[in-house]
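Please treat every number below as a calculation from the coordinates, not as lab data. These figures come from a predicted structure and were not determined experimentally. Ideal geometry is used to build each Cβ from the backbone, glycine not excepted, and the neighbour counts take in all protein chains shown.
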Amino acid sequence: MADHILEMRSITKTFPGVKALEDVNLAVERGEIHAICGENGAGKSTLMKVLSGVYPTGSYEGEIVYNGEVVRFGGIRDSEHVGIVIIHQELALVPYLSIAENIFLGSERRGRFGLIDWNAANAAAGELLRSVGLDENPVTPVGQLGVGKQQLVEIAKALSKDVKLLILDEPTAALNDTDSEHLLGLLRRLRDRGITCIMISHKLNEITAVSDNVTVIRDGRTVETLSLASGEVTQERIIRGMVGRDLESYYPERESHPGEEVLRIEDWTVWHPTQDRKVVDGASLTVRAGEVVGIAGLMGAGRTELAMSVFGRAYGRNISGRLFVHGKEIRPHNVSDAIDAGIAYATEDRKHYGLNLIEDIRRNVSAAALGKLSTRGFVNGNEEIKVAEGYRQSMNVKAPSVTSVVGKLSGGNQQKVVLSKWLFTDPEVLILDEPTRGIDVGAKYEIYTIINRLVAAGKAVLVISSELPELLGICDRIYTLSAGRITGEVPVAQATQENLMQLMTKEKELAA
Amino acid sequence: MTRTVPPSSEPEAQTATAPKDVAPAAALNAGTSDVRALLTSNLRQSGIYVAFVVIVALFAILTGGTSLSPGNVTNMVLQYSYILILAIGMVIVIIAGHIDLSVGSVVALTGATSAVLVIRQGMPWYVGVLAAIAVGLLIGAWQGFWVAYVGIPAFIVTLAGMLLFRGLTLQVLDNISLSPFPSQYGRIAGGFLNGLLGGNGYDAFTLLIGAIAVAGYAFSNFRTRLARVKYQQPVESFPLFVAKIVAVGAVVMAFAWQLAHARGLPIVLIILAVLILAYGVITKRTVFGRQVYAIGGNLSAATLSGVKVRAVNFWIFVNMGFLAAIAGVVFSSRSNGAQPNAGNMFELDAIAAAFIGGAAVTGGVGTVIGAMVGGLIMAVMTNGMQILGVDQSLQSVVKGLVLLLAVAFDVYNKRRAGSSR
């Protein structure tokens with residue numbers, strides 16, 4: 001008989017008109033790392049909100065048994081009181097406050113006269129930082145830390161609340177490999193200290209690496225709980241649970257017939273907008289028609305900076321180098337010029353840079369090419385709906401109509417809207433920055449299919465991705481970028497994760 | 001306000017290679033929230049009209065019908081026209097995510113410029129008007145430059161402008177009031193078109209203009225409907241369509257009837273109507289208007305979509321300067337002179353009108369028509385309370401509460417719409 005720290009029994013949560021969760025069961029053993037996976041919109045986050053009291057008792061059906069007792073939470077404070085702490089995907093830290101201030105925010109230790117004893121607080125914070133393996137001064141403002149370290153501060157904050165059950169929502173989504181590795185190591189250490197972890201994740205390799213059990217949720221129902229202890233459960237097995245069938249392959253097949261050169265970048269150098277350093281240093285690359293070219297690089301290698309500076313100088317200063325589209329040199333001074341020249345750039349951060357979340361699908365699809373829909377400055381609203389409707393169908397955007405607000409779509413569908421927007425500009429070359437970040441396996445496959453359709457139609461596609469298997473799966477050629485320099489160009493047939501990683505970490509060559 | 005039939009089509013047939021039916025929960029979710037969004041957005045939009053009707057009815061009852069008498073309706077138009085003109089520009093500024101605190105001072109400075117030329121220098125009335133507009137455009141370009149090209153927040157730039165242009169007004173006027181304007185200038189805000197067709201105790205011309213306006217409204221609605229049908233877009237049922245036009249027609253004709261029984265068609269109403277129509281079209285149907293909404297909705301996304309954000313922001317402020325100059329001319333004409341403290345607090349009335357009319361503090365949301373109704377709500381309330389002899393201090397309290405409640409209602413609605421996921 002397993003010792004369950006938590007059991008959620010037949011949880012049903014209904015929003016007006018929709019069942020987000022239906023008869024979901026979750027049993028978590030004391031001292032394990034329990035992964036929850038499922039596609040976006042499957043109900044993972046809703047389940048965690050039920051558990052942490054964001055949705056109070058009474059707003060759902062079913063019961064939560066914690067430490068053998070049925071518990072009723074009226075809000076987050078109640079759940080934190082018994083040691084359940086949730087760390088959300090978007091970190092809830094105040095950038096201008098110090099690490100210590102953030103850790104004790106909301107539970108400040110008051111001394112005499114109700115004043116905060118900062119010496120004691122800083123000392124306690126230092127202690128907590130050591131326990132999560134973060135070597136930083138507690139008085140450092142959180143804004144100066146990278147995302148990985150901020151994540152650790154969040155965990156330190158959870159520890160300060162005497163956490164028994166730690167819930168992490170997509171903890172490694174924004175982290176690079178080193179930071180992810182570090183974080184997962186920390187989770188193992190916390191487990192050894194007796195802290196139970198629930199981890200929501202899309203990254204199946206991480207799930208199989210650290211968790212003891214995994215519960216798969218699909219369409220608001222529990223599908224199964226698999227034990228990973230034996231090591232027999234494969235990623236393919238989990239995916240089958242998530243999508244309800246086997247994916248023949250992660251990546252759709254494509255025949256490659258590269259044509260003539262579409263985009264050529266020569267000796268491209270970009271300076272950081274405020275600091276005195278080069279972010280991209282003498283990069284040169286080419287993309288041909290009907291070809292998918294990848295850019296691999298670690299965080300901070302200058303991938304996004306390269307793409308954005310090419311895209312009408314949307315990033316950086318003192319940009320030098322030459323750009324050619326179809327062999328003709330172009331000198332775009334702003335984004336509008338770049339679009340006219342046939343370049344499209346779909347950002348890695350669709351919520352902040354890609355979409356107007358308060359507007360509907362229609363307005364977002366037309367946003368980058370309103371000129372095509374207008375005569376003498378007047379927009380043809382009906383033509384706009386027709387165009388958007390066309391993309392909604394061809395891209396398989398799951399929304400009832402093109403007047404659905406984009407902010408309410410799932411990540412995969414939002415990404416399809418972003419792609420629609422750029423396809424409508426009728427680009428020659430499409431730069432996709434992390435096109436599948438934060439979207440589920442099924443939608444990823446659809447995005448890959450769309451990319452294949454584009455190159456089949458003779459477009460050139462440049463893909464930036466942190467996931468090497470993805471690049472290996474969809475590209476024809478891969479460039480590696482390290483510290484702003486192109487360190488290698490590898491045809492996909494010869495590329496492996498190992499040799500790419502070697503090039504991505506290659507030090508700057510001394511002779512220039 | 002649009003009524004559409006419920007969206008019928010479900011997600012279309014999936015492509016053969018795509019994994020089938022991967023996220024029906026997400027689709028279902030989106031579907032419901034969309035119906036909800038439709039309802040709430042209709043509620044948000046129609047809520048303001050309902051509130052307006054209720055307030056008009058309330059004051060009509062409280063004042064025993066006086067507030068709707070021909071003379072008073074005319075007065076209201078004359079008295080609030082300049083606030084409404086300012087609110088048109090202000091709502092555009094607010095949609096783009098900015099604010100303009102300087103418009104009251106700009107009204108004063110443009111009015112003063114005109115007064116100096118016309119009253120002191122004895123120039124013809126149109127010179128005064130053109131000079132005022134030129135000053136307004138210059139001021140707009142000045143503020144637009146700082147906001148758009150230097151990147152100073154509009155709050156700061158226009159706060160500085162508020163002080164700056166008030167000071168310049170005092171300079172231009174040498175600290176004294178100038179009056180009176182020649183009678184032609186006074187006709188801008190105080191003149192009427194009447195007697196052109198004669199009538200029996202009422203002005204037939206006003207009724208004719210009213211009828212033309214209704215016909216124009218019906219015609220343009222019908223054309224839109226035909227275009228939508230051609231593009232196979234959902235349209236409201238025909239009886240509903242007719243009912244909508246009849247209702248609008250009835251309100252317009254009743255309004256024209258009351259005007260016709262007073263002094264006829266105010267010239268300033270024509271100016272206002274032209275501006276509302278023009279800016280209604282600009283915000284809703286032009287590329288420029290779309291870019292304003294795009295900037296307010298997500299600045300970074302707009303920039304990366306090729307919107308020339310600086311230029312758009314610049315022209316938004318130039319336009320605000322232009323409209324403030326028009327308001328300045330109308331106000332100086334109405335007050336028959338220029339005073340150093342003219343236009344004091346106008347900016348707050350214009351801002352309040354935009355927010356009561358549904359504009360969002362965070363930008364990206366708002367309509368010209370909404371701002372007009374918002375302004376009229378304030379106008380009807382103030383006017384009604386004046387008729388009732390409510391103390392000035394109490395009037396201020398009521399107006400403050402209405403602004404707060406209107407925005408609170410808006411926020412509440414948004415939160416409900418946002419919590420569906």
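Observations on the model:
- Degrees separating the helix B:309-334 axis from the principal Cα axis of chain B, which is the longest one: 40 degrees
- Charge sum, other residues only, whose C-beta stays under 12 Å from residue B:320's C-beta, Lys/Arg counted +1 and Asp/Glu -1: -2
- Normalised by the number of residues in chain A, the average gap of Cα pairs under 8 Å and 6 or more apart makes the relative contact order 14 percent.
- Sorting B:126, A:479 from the fewest to the most surrounding beta carbons within 10 angstrom yields B:126, A:479.
- Violating pairs (Cα-Cα greater than 25 angstrom) within the set A:19/A:408; A:421/A:444; A:372/B:308; A:459/B:230: A:459/B:230
- Summarising the overall dimensions of region A:4-243 from its C-alpha atoms, the Rg and Dmax are 18.1, 60 angstrom.
- Mean sequence separation of contacting Cα pairs (under 8 Å, at least six apart), scaled by the length of chain B, corresponds to a relative contact order of 33 percent.
- Taken over the alpha carbons of region B:82-153 as equal point scatterers, the Debye sum produces base-10 log I(q)/I(0) values at 0.17, 0.22 Å⁻¹ of -0.70, -0.98.
- Other protein chain C-beta atoms within 10 Å of residue C-beta, averaged over A:365-378: 4.
- Footprinting exposure proxy ranking of A:77, A:264, fewest other C-beta atoms within 10 angstrom first, gives A:77, A:264.
- 19 Å Cα-Cα reach of residue A:506 towards lysines, excluding residues that sit fewer than 8 places from it in its own chain: A:278
- Contact order, relative form, for region A:359-424: 48 percent (alpha carbon pairs under 8 Å, 6 or more residues apart, mean separation divided by residue count).
- Across peptide A:335-347, the average count of Cβ atoms from other chains found within 10 Å of a residue's Cβ is 2.
- Each label was represented as a point 7 Å from its Cα along the Cα-to-Cβ direction; for residue B:390 and residue A:326 these points are 6.6 nm apart.
- Most mobile listed residue (B:399, B:308, B:230) in chain B, GNM with C-alpha springs under 10 Å: B:230
- Summed residue charge, Cβ within 13 Å of residue A:211's Cβ, Lys/Arg positive, Asp/Glu negative: -1
- When restricted to Cα atoms, region B:195-262 yields an Rg and a Dmax of 15.4, 49 Å, respectively.
- For the protein assembly as shown: span of alpha carbons on each principal axis (Å, largest first): 98, 70, 63
- 14 Å tail of the calculated P(r), region A:396-465, as % of Cα pairs: 59 percent
- Distance between the pseudo-spin-label points of residue B:241 and residue A:376 (7 Å out from Cα toward the beta carbon): 2.6 nm.
- Angle between chain A longest axis and helix A:147-160 axis [Cα atoms, degrees, rounded to 10]: 10 degrees
- Distance between region A:310-331 and region B:106-180 - C-alpha centres, whole angstrom: 43 Å
- Residues considered: B:309, B:129, B:106. Largest GNM mean-square fluctuation over chain B, using C-alpha springs under 10 Å, is found at B:309.
- Computed from Cα atoms, the angle from the helix B:204-230 axis to the main principal axis of chain B rounds to 20 degrees.
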